[in-house]
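Quick notes on the structure that follows.
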Ligand SMILES: [Zn+2]
Ligand SMILES: [Zn+2]
């Protein structure tokens with residue numbers, strides 16, 4: 001059996017409406033508001049409690065849950081984004097130096113893992129490597145998370161470089177996204193065998209866009225990524 005709760009008003013105690021929608025409360029306010037009497041003060045309290053505009057309610061930050069600011073002005077977010085920006089700028093300066101040194105850019109020749117297949121005889125995966133040319137670099141995806149070294153593993157490694165095979169019959173894939181070549185991004189020892197390594201075979205002139213090392217641009221990007229990572233975008 002279902003039971004439907006009846007709304008009862010906390011002001012006039014009649015059913016069918018709540019105190020916010022109570023016509024008697026509204027009439028009471030209209031009659032007494034502004035009077036320097038107990039009724040006048042009660043009217044002011046009633047109005048503040050039930051008729052104040054939503055703008056008068058305190059904002060609550062969706063990230064840190066504090067009141068008085070939103071995610072645009074959250075000091076917590078600003079501080080974290082600043083730390084990320086520093087890390088990213090450092091890593092990008094390092095990458096840019098390496099890129100110039102080894103001559104990495106569109107047209108560079110790389111050896112990359114193009115396919116993976118299961119070998120029943122050895123009961124393990126085997127990999128096929130192809131030669132490819134760098135077609136496009138997705139600069140936005142190159143952050144401090146693309147930096148690897150022999151001991152540390154970094155979260156959320158993103159592929160950022162599109163390579164196309166030199167010999168199209170070499171692989172059924174037209175092209176694929178790979179990580180920064182090991183000469184630039186480094187690698188972990190355990191990756192050496194078979195992971196998504198790409199190696200630079202011959203360089204070209206590198207053409208690094210100015211925005212890649214622009215702190216303001218990086219800060220904007222880090223904020224975007226932070227908001228996405230924390231589900232704060234709408
Ligand atoms: Zn009522
Ligand atoms: Zn906040």
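Bear in mind these aren't lab numbers, they're just calculated from the coordinates by the rules spelled out. This structure is a prediction, so every number in the text was calculated from the model and none was measured. As a convention, Cβ positions derive from the backbone with ideal geometry for all residues, glycine included, and neighbour counts pool all protein chains shown.
Structure notes:
- Fluctuation leader among 41, 116, 72 - the chain, Gaussian network, Cα springs under 10 angstrom: 41
- Overall Cα dimensions of the chain, principal axis frame, Å, largest first: 88, 52, 32
- Projected label distance in nm at residue 199 and residue 166, using a 7 Å step from Cα toward the beta-carbon: 1.4
- As a proxy for reagent exposure, ranking 102, 81, 45 by other Cβ atoms within 10 Å from fewest up yields 45, 102, 81.
- Considering helices alone, the calculated mean residue ellipticity of the chain at 222 nm is -10000 deg cm²/dmol, with DSSP H runs of length four and up weighted by -39500 (n - 2.57) and normalised per residue.
- Stretching the chain fully between residue 79 and residue 6 yields a gain of 21.4 nm (0.36 nm per residue, less the alpha carbon separation).
- With respect to the chain, whose longest principal axis is taken over its alpha-carbon atoms, helix 215-229 is tilted by about 70°.
- Alpha-carbon centroids, region 79-101 and region 10-56: separation in whole Å: 58
- From least to most packed, judged by other beta carbons within 10 angstrom and beginning with the fewest, 222, 177 follow the order 177, 222.
- With respect to the chain, whose longest principal axis is taken over its alpha-carbon atoms, helix 38-51 is tilted by about 30°.
- Calculated FRET efficiency for the pair residue 70/residue 17, C-beta based, R₀ 22 Å, to 0.05: 0.10
- Inter-probe distance in nm under a simple model that places probes 7 Å from Cα toward Cβ, at residue 30 and residue 207: 7.3
- Acute angle (nearest 10 degrees) that the helix 75-102 long axis makes with the longest principal axis of the chain, alpha-carbon atoms: 10
- Label point distance in nm, residue 228-residue 94, each placed 7 Å from Cα along Cα→Cβ: 2.3
- Estimated FRET transfer efficiency (residue 125, residue 159; beta-carbon r; R0 22 Å; 0.05): 0.70
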